[in-house]
Structures are given as structure tokens and as C-alpha cells.
1. For VAL135, indicate whether it is under 25 Å from ASP10 (Cβ atoms) and either surrounded by 17 or more Cβ atoms within 10 Å (Cβ to Cβ) or under 11 Å from the mean Cα position of the chain (by Cα) (or both).
2. Quickly run through the stretch 44-93 and pick out the residues that are acidic (Asp, Glu) and under 14 Å from GLU11 (Cα atoms).
3. Being outside any strand (DSSP E or B), small (Gly, Ala, Ser), modelled with pLDDT of 95 or more and under 15 Å from ILE15 (Cβ atoms), is that true of even one residue in the stretch 35-42?
4. Please go through the stretch 21-44 and give me each residue that is under 25 Å from ARG84 (Cβ atoms) and small (Gly, Ala, Ser), ordered by number.
5. From the residues in the stretch 82-107 that are near the ligand (Cβ under 6 Å from one of its atoms) and among the small types (Gly, Ala, Ser), which one is nearest to GLN136 (Cα to Cα)?
6. So THR2 clears everything in (1) closer than 24 Å to LEU134 by Cα; (2) touching a strand residue (DSSP E or B) at 6+ places or on another chain (Cβ under 7 Å); (3) surrounded by fewer than 12 Cβ atoms within 10 Å (Cβ to Cβ); (4) not aliphatic (A, V, I, L, M) except one condition, right? Which one?
7. Restricting the search to the stretch 17-61, which residues are among the acidic types (Asp, Glu) and either free of Cβ contacts under 8 Å to residues at least 12 places away in the same chain or exposed (fewer than 15 other Cβ atoms within 10 Å of the Cβ) (or both)?
8. What single numbered condition from (1) modelled with pLDDT under 95; (2) acidic (Asp, Glu); (3) within 15 Å of the chain's Cα centre (by Cα) fails to hold for ASP145?
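The values are calculated or read from the model by the stated rules, or taken from the named source; none is laboratory data. Predicted model only: the values in this text are computed from it and were never measured. When we count neighbours, we look across all protein chains shown, and the Cβ atoms used for this are built from the backbone with ideal geometry, even at glycine.
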Amino acid sequence: MTVRPGTRFDEDAAIEVWRACLGVRGRLPSAARIAQVRRKLRAPDALHLVAEDDGRVVGMLLAELSTEEAGVLHLSMLFVHPDRWRRGIGTSLLTALTSRYPRVSTWTAADDEPALGAYARSGFVRTGRVQDDLVQLAKSPAAQDVPP
Ligand SMILES: CC(C)(COP(=O)(O)OP(=O)(O)OC[C@H]1O[C@@H](n2cnc3c(N)ncnc32)[C@H](O)[C@@H]1OP(=O)(O)O)[C@@H](O)C(=O)NCCC(=O)NCCS
């Protein structure tokens, strides 16, 4: 399994991974929502990574510059195909992102144990911000990486 930047050619496969995850929860996205995600993947500041295994896209991640905090990336999508859950793919995607961009924040459902576990395993901590049923998580450079 490798993690690499996503291209236009990966767009359909990445969307399919996302659709499959929503399908598990019985919430398939509308055509308008799919078009919105497609636009986000194509945005000039989008950072799109895919996890590929044996020629198949099995995970995707999308981040963009935070509109709230300078120098911080906002992680807006992290999805692994349900038939590949719990095999370290989510962790590999997060590692690929945070090893290059150490300041990352995201929002996730407060009761989403798999997502909370995956973020915690990759060093994300709660910031204390809460919005409806979402909690904000963030990762910052390790203390030893911060210049004096
Ligand atoms: C969240 C998600 C990306 C994790 O991907 P993954 O490849 O299954 O995660 P990993 O195998 O790297 O697991 C990392 C850690 O996450 C936690 N975790 C993953 N799946 C879990 C589950 N079903 N239950 C509890 N904890 C879980 C564990 O702490 C795990 O570490 P461990 O296996 O050493 O115990 C995946 O479950 C997913 O796509 N879920 C649906 C979409 C989603 O919720 N995305 C995040 C918000 S946008």
C-alpha cells in the first residue's frame, strides 16, 4: 500500500471511497454534494492524498488552508474504504500529511470512535472547541521540533 498525491484520474475512485463510507451509515450523498466534493478536490489550494493498494484507491484525504488560522491546514475529509478498515491505512494517510505539514486541525463527530481513535493514534488532541455534535482536534509540531 502506498500513499501518494491524488490526481484528476483518482477523483472518481476517491469519491467512491467516500460514498462507500457514507453508505455504511445509510446516508448516500446527493448529486449536489458529490459535485461540491469534486470542486473541493479540484480547488487550487486542495491537498489531496490517496492510499493505493494493488492499483486500487482504498483511502483518501483532503485538506486545505485553514480560513481561521494562518499556517494551519484544515483536514476536511479522511476516508478509508469499509472493506479495508482497521489495517493502518487511515494512520498512513495521516502520517503522510502531518510529516510534511505539522500543523493540522479537523472537526469530527464527538461519538465517532473509529475517527477519534485514528486521530488520537496520530497525535491529534482535542482543542476544546465544540460545535453542535462536532469536536475540533488538532496536531501541532512536537515540542522538540519548535525552534527556541
Ligand atoms: C476513521 C477511519 C478513516 C480510520 O481508518 P482506518 O484505516 O480504519 O484506521 P487505522 O487502521 O489506521 O486505525 C487507527 C486507529 O483508529 C482507531 N480505530 C480504527 N477503527 C476503529 C474502530 N472500528 N473502532 C474503534 N477504534 C478504531 C484505533 O485506535 C486504531 O488503532 P489500533 O488499530 O492500533 O487500535 C475509517 O474508519 C473511516 O474511513 N471511517 C469513516 C469515515 C470517517 O469517519 N472519517 C473521519 C471523519 S471525516
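1. Details: under 25 Å from ASP10 (Cβ atoms): no; either surrounded by 17 or more Cβ atoms within 10 Å (Cβ to Cβ) or under 11 Å from the mean Cα position of the chain (by Cα) (or both): yes.
For VAL135, the condition - under 25 Å from ASP10 (Cβ atoms) and either surrounded by 17 or more Cβ atoms within 10 Å (Cβ to Cβ) or under 11 Å from the mean Cα position of the chain (by Cα) (or both) - is not met.
2. To start, the set of residues in the stretch 44-93 that are acidic (Asp, Glu) comprises 45, 52-54, 64, 68-69, 83.
Passing the criteria: only GLU52.
3. Initially, the stretch 35-42 is screened for residues outside any strand (DSSP E or B), giving 35-42.
Then drop every residue that is not small (Gly, Ala, Ser), which leaves 35.
Adding the requirement that they be modelled with pLDDT of 95 or more leaves 35.
Subsequent filtering for residues that are under 15 Å from ILE15 (Cβ atoms) retains 35.
The answer is yes, given that some residue of the stretch 35-42 is outside any strand (DSSP E or B), small (Gly, Ala, Ser), modelled with pLDDT of 95 or more and under 15 Å from ILE15 (Cβ atoms).
4. The answer is GLY23, GLY26.
5. In the first step, residues of the stretch 82-107 are kept if they are near the ligand (Cβ under 6 Å from one of its atoms); the result is 85-91.
Narrowing the set further to residues that are among the small types (Gly, Ala, Ser) leaves 88, 90.
On the way: GLY88: 22, GLY90: 18 Å.
Restricting to residues being near the ligand (Cβ under 6 Å from one of its atoms) and among the small types (Gly, Ala, Ser), the top hit is GLY90.
6. The failed condition is (1).
7. First, pick out the residues of the stretch 17-61 that are among the acidic types (Asp, Glu): 45, 52-54.
Listed by number, the residues that qualify are ASP45, ASP53, ASP54.
8. If we test ASP145 against (1) modelled with pLDDT under 95; (2) acidic (Asp, Glu); (3) within 15 Å of the chain's Cα centre (by Cα), just (3) comes out false.
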